[in-house]
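K.L.:
The structure's right below; bear with me while I get my questions together.
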Amino acid sequence: MSPWQVIFRREFRAYFATPLAAVFLVVFLFMSGVFSFSMGGLFERGQADLRSFFQFVPWLFLFLAPALSMRLWAEERRLGTIEVLTTLPIPLWHAVAGKFLAAWFFSLVALALTAPIWITVSWLGDPDQGVIVAGYIGSAMVAGIFLAIGGFVSALTKNQVIAFVVTIVACFLVLLSGFPLVLNFFRDWMSPGAVEAIASVSVLTHFNSLMRGVVELRDVVYFASGICALMVATTFVVDWRKSA
Amino acid sequence: MPLAKERAVTYIFSQVLQMRELISANNLHKSFAGLHAVKGVTLQVNAGEVVGFLGPNGAGKTTTMRMLTGFLDPSEGSVLLDGFSLADDPLAAQKTFGYLPEGAPAYPEMTVRDYLQFIARARGIARREIAGKIDEVAGRVHLRGVLDQVIETLSKGFKRRVGIAQAIIHDPPILIMDEPTDGLDPNQKHEVRELIRAMGSTKAIVLSTHILEEVEAVCTRAVVIASGRVVFDGTPEEFELIAPASVTRNRMDYVFRQLTATAAEVTL
């Protein structure tokens, strides 16, 4: 096993050692059901697709991803185990990657458990499966970027509540920067190029094109580079503040 | 004749082994935002030495040990562990030691076995050897009965022993332990001291403590640090001899107070 796998395994199992995993999964599945059926009108729309589910996924992860990521580094620091972890003969980026991947994989498990909605729709109608796959890819990417932001914030503090709240705010800003409301506000006094730039860092803009079934390279590059950049930043922060 | 020669070779070899310099810290300094915590600590430890690191609270013991393990980067100075530079080749250097940090931190939600398994894997111990290593180390620090208990349910003494087990599971040539007997009852203290003494013949061990008798009991060398400087480095016997003959009781306490009080005055 290479070091990141060792960390990954421990971190993933740690979620199940506390009620966190069960609470997270129940809340996630319950909320995604409420959102898609009641608010999204999955049946009423009379269309065989999962749009009414996917459109709420970023908002679900906005609150639930920070709950997964808040403990990643803040807890190590509070317990003092960071001193054991960072003096083990493993490269620090392996620890950062292992922790992130554990949280990400957990959110993928949560997403996989929404498959009954997919099955229902496929049974009732004849949805475009490619669009649904693209929607799941987009959902996984949103979870990834939020968890990467959360891991970075968690590395800055030893207080999990602070990590949770700050991560929500940070994710909210990244999510919202593509909202018409925000973009219209900027449009009044900024050049179209600058508005375009703000919209392009938005999670929502990239997610929406994936949700529509358009898997474009630039969207994937956006999420992948965002996650990688945040992991590099997290590695620096952990190294810099490990004893703080 | 050949037998004698062989013996001589073995003897010389063992002497060389004894003289092997495992820890070499040169002129370590550490400053935290305005506070100069460690001011030029130099320390060489050979295999076969058990160094007792003494000093008042806040003298810089923990900070120094953290620099020896790479948890803190020194503001100035360098550390060589078994010949590997901690700054240039941290992974090779960190393979050479086991470390018990202050307070023996461990993941509370894991069982002892899972935790030791995690440490063994992270230290790159081969998969098929791990179960054997855990069993062996659990035997040495008397953890066999609690291997499948969750760490947060353990008493302070057991938690400390989990920390020690974690530090020695890979049988490292260097052992760095921050207050290994803190919070243990007299029987447990005795056991841990016996363990340290047994390992001390082949390893280079640095341990910090507040208990002066502990230095006398297990250490071959005492290093006293006060206000970030080394104020004494010698055998426990030499340490005690600093006290004038007129002092008959608690001689080590007397010397400790003398050494650390003067250092504090110098800084003031």
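No lab work stands behind these numbers, since they all come straight from the coordinates. Since the structure is predicted, the reported quantities are computational estimates derived from the model, not experimental observations. Cβ: placed from backbone, ideal geometry, glycine included. Neighbour counts: every protein chain shown.
K.L.:
Only helices at least 24 Å long along their own axis, judged from Cα atoms, and with Kyte-Doolittle mean hydropathy of -0.5 or greater: name those in chain B from DSSP H.
P.N.:
What comes out of the filter, once short or polar helices are dropped, is B:2-19, B:251-267.
K.L.:
Let me ask you something else. How many partner chain Cβ atoms sit within 10 Å of a residue's Cβ in peptide B:110-122, on average, as a whole number?
P.N.:
The mean count of partner-chain Cβ atoms within 10 Å per residue comes to 4.
K.L.:
How tilted is helix A:129-155 with respect to the longest principal axis of chain A? Cα atoms for both, answer in degrees (0 to 90, nearest 10).
P.N.:
Long axis of A:129-155 versus the principal axis of chain A: about 30 degrees.
K.L.:
Just want to confirm a number: the relative contact order over region B:123-221, from Cα pairs under 8 angstrom separated by 6+ residues, in percent.
P.N.:
RCO, region B:123-221: 26 percent.
K.L.:
Which ³J(HN,Hα) values, rounded to whole Hz and listed in residue order, are derived for region A:228-242 from phi using the Karplus coefficients 6.51, -1.76 and 1.60 in 6.51 cos²θ - 1.76 cosθ + 1.60 with θ = phi - 60°, glycine and proline given as x?
P.N.:
Using θ = phi - 60°, the values come out as 4, 4, 5, 5, 4, 4, 4, 4, 5, 5, 4, 5, 6, 10, 4 Hz.
K.L.:
Quick one: angle between helix A:160-176 and the longest Cα principal axis of chain A, in degrees between 0 and 90, rounded to 10, please.
P.N.:
Approximately 40 degrees, to the nearest ten.
K.L.:
Then there is this: Among A:81, A:133, A:57, which residue has its Cα furthest toward the positive end of the charge dipole of region A:49-143, with +1 on Lys/Arg Cβ and -1 on Asp/Glu Cβ?
P.N.:
It is A:81, whose Cα lies furthest towards the positive end.
K.L.:
Below 8 Å between Cα atoms, with a sequence gap of 6+, how large is the relative contact order for chain B in percent?
P.N.:
It rounds to 24 percent for chain B.
K.L.:
Size of the dipole of the protein assembly as shown about the Cα centre, Lys and Arg at +1 and Asp and Glu at -1 on the beta carbon, nothing else charged, in debye to 20?
P.N.:
Here the size comes out at about 320 debye.
K.L.:
So how far, in whole Å, is the C-alpha centre of region B:23-87 from the one of region B:176-207?
P.N.:
For region B:23-87 versus region B:176-207, the Cα centre distance is 20 Å.
K.L.:
Ok, one more. Among B:78, A:139, A:202, which comes first, second and so on when ranked by fewest other beta-carbon atoms within 10 Å?
P.N.:
By the 10 Å Cβ count, ascending: B:78, A:202, A:139.
K.L.:
Still on this model: Could you please state, rounded to a whole Å, how far the C-alpha centre of region B:98-141 is from the C-alpha centre of region A:93-127?
P.N.:
Measuring centre to centre over Cα atoms gives 32 Å.
K.L.:
Same structure, new question: Calculate the dipole size of region B:107-171 relative to its Cα centre from +1 charges on Lys and Arg beta carbons and -1 charges on Asp and Glu beta carbons; express the result in debye to the nearest 20.
P.N.:
In debye, rounded to 20, region B:107-171 gives about 140.
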